[in-house]
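Enquirer: For reference, the structure I am asking about is given below.
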Amino acid sequence: MKRMLSVQDLARDERFERIKIEDVVFDPRNAAMPVDKQRNGFRPADPDAPDAARQLMHAIFVGEIQALEGAGRTCFDFDTGAGREDVPFELKLDMARQCWDESRHVEISVKLAEHMGSGIGEFAEQTMLFEAACSADPIFRLCGVNRALEGLAIDVFNSMREFGSATKDPVLFFCEDWMLADEVTHVKMGSDWLRRITAKDPERQQAALDFQRTVDKLFSFGGFRGEEEENPVHLARKFRSLAGFSDDEISELVDVAAEAYAEAQAMASAAAPVEG
């Protein structure tokens, strides 16, 4: 079996339409739209909330597929040993456990999408999550996937859980609450292994954290995630703390989200038509 698959190697059937996240985030047509439309918020009072929630649910679904694929590849791509590109056997066991969780999340997400009136392929699939799992350095994978993207899943699931509560949807609330508990475990595994493996290699740890910051900024979607009222998805501080994030790391995420928002505002201003 081939090791180190690229994103082009992912198998999908005819229901899936693939897009690049960069094309969405940096599309000038989106930058020219009002900020509230760009963010596609799903507050219960918003008229577009049902469609926005369904779109986010589909994004969760494809993200779970890629998380399953990424954790499975990490189990297979690296040898067990003490070399820089090797991983401890216990790390492989954690990734195998994550595969079990992600496969369950895929099944839950399919049923939730149907419950919400959607289905597989209604929205496009972007593959940034799996791309973060393609690094030749296993520590970069842990930071890019387990800490950055599974960390985003904590924020998203918590927000969707609150949405289920606000809309009096016990099915959505229960499923998101269940998956949220798994995501905290996945992020905690990434945090623990990052510190354990790089305990004597601070330069490697910093390089991995820099990669994580890049992924975090891209997935802030120019204001999609943050701590302000207008941010549809809020940072779940309590759950991130349980997952091994320090207070300083959480504060840095707030700064990253603010940077992404400022850049989106600048793009919107540059794309706005000139009056007069």
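The values are calculated or read from the model by the stated rules, or taken from the named source; none is laboratory data. Every value quoted in this text rests on a predicted model; they were computed, and no experiment measured them. Cβ: placed from backbone, ideal geometry, glycine included. Neighbour counts: every protein chain shown.
Enquirer: Select from region 68-83 the residues that are touching a residue at least 40 places away in the same chain (Cβ under 8 Å) and not polar (S, T, N, Q) and list them in ascending order.
Expert: Filtering region 68-83 down to residues touching a residue at least 40 places away in the same chain (Cβ under 8 Å) leaves 69-71, 73-74, 76-78.
Glu69, Gly70, Ala71, Arg73, Phe76, Asp77, Phe78, listed by residue number.
Enquirer: Separate question: Against the definition (under 21 Å from Leu242 (Cα atoms), of a type in the set (Gly, Ala, Ser) and out of contact with any strand residue (DSSP E or B) (no Cβ under 8 Å at 6 or more places or on another chain)), how does Ala166 come out, yes or no? Steps first, please.
Expert: Working: under 21 Å from Leu242 (Cα atoms): no; of a type in the set (Gly, Ala, Ser): yes; out of contact with any strand residue (DSSP E or B) (no Cβ under 8 Å at 6 or more places or on another chain): yes.
It is false that Ala166 is under 21 Å from Leu242 (Cα atoms), of a type in the set (Gly, Ala, Ser) and out of contact with any strand residue (DSSP E or B) (no Cβ under 8 Å at 6 or more places or on another chain).
Enquirer: Of the numbered conditions (1) in contact with a Pro (Cβ under 6 Å, 6 or more places away or on another chain); (2) modelled with pLDDT of 90 or more, Ala207 satisfies every one except a single condition; which is it?
Expert: (1)
Enquirer: In region 155-183, what residues are within 18 Å of the chain's Cα centre (by Cα), among the aliphatic types (A, V, I, L, M) and surrounded by fewer than 23 Cβ atoms within 10 Å (Cβ to Cβ)?
Expert: Matches in region 155-183: Leu180, Ala181.
Each row is one residue, and each column tells you yes or no for (1) out of contact with any strand residue (DSSP E or B) (no Cβ under 7 Å at 6 or more places or on another chain); (2) more than 27 Å from Thr198 (Cα to Cα).
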{"site": "His58", "(1), (2)": "yes, yes"}
{"site": "Ala71", "(1), (2)": "yes, no"}
{"site": "Asp77", "(1), (2)": "yes, no"}
{"site": "Thr80", "(1), (2)": "no, no"}
{"site": "Asp101", "(1), (2)": "yes, no"}
{"site": "Val106", "(1), (2)": "yes, yes"}
{"site": "Val145", "(1), (2)": "yes, no"}
{"site": "Ala153", "(1), (2)": "yes, no"}
{"site": "Asn158", "(1), (2)": "yes, yes"}
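Enquirer: Hey, another quick one. Is it the case that Ala181 is under 19 Å from Leu91 (Cα atoms) and among the hydrophobic types (A, V, I, L, M, F, W, C)?
Expert: Numbers: under 19 Å from Leu91 (Cα atoms): no; among the hydrophobic types (A, V, I, L, M, F, W, C): yes.
Considered against the rule, which asks whether it is under 19 Å from Leu91 (Cα atoms) and among the hydrophobic types (A, V, I, L, M, F, W, C), Ala181 comes out as no.
Enquirer: Now for a different question. Whether any residue in region 103-110 is closer than 22 Å to Val233 by Cα, surrounded by 20 or more Cβ atoms within 10 Å (Cβ to Cβ), among the hydroxyl-bearing types (Ser, Thr, Tyr) and modelled with pLDDT under 85 is what I want to check.
Expert: no
Enquirer: Continuing with this model, one more query. Just checking: which of the helices (runs of 4 or more DSSP H) contained wholly in region 43-137 hold 1 or more residues that are more than 19 Å from the chain's Cα centre (by Cα), over 20 Å from Cys175 (Cβ atoms) and of a type in the set (A, V, I, L, M)?
Expert: Working: elements: 49-77, 89-115, 128-132.
Output list reads 89-115.
Enquirer: Taking His58 and the conditions (1) under 27 Å from Gln8 (Cα atoms); (2) at pLDDT below 80; (3) touching a Gly at 6+ places or on another chain (Cβ under 9 Å), which numbered condition does it fall short on, given that it satisfies the others?
Expert: Looking at each condition in turn, His58 falls short on (2).
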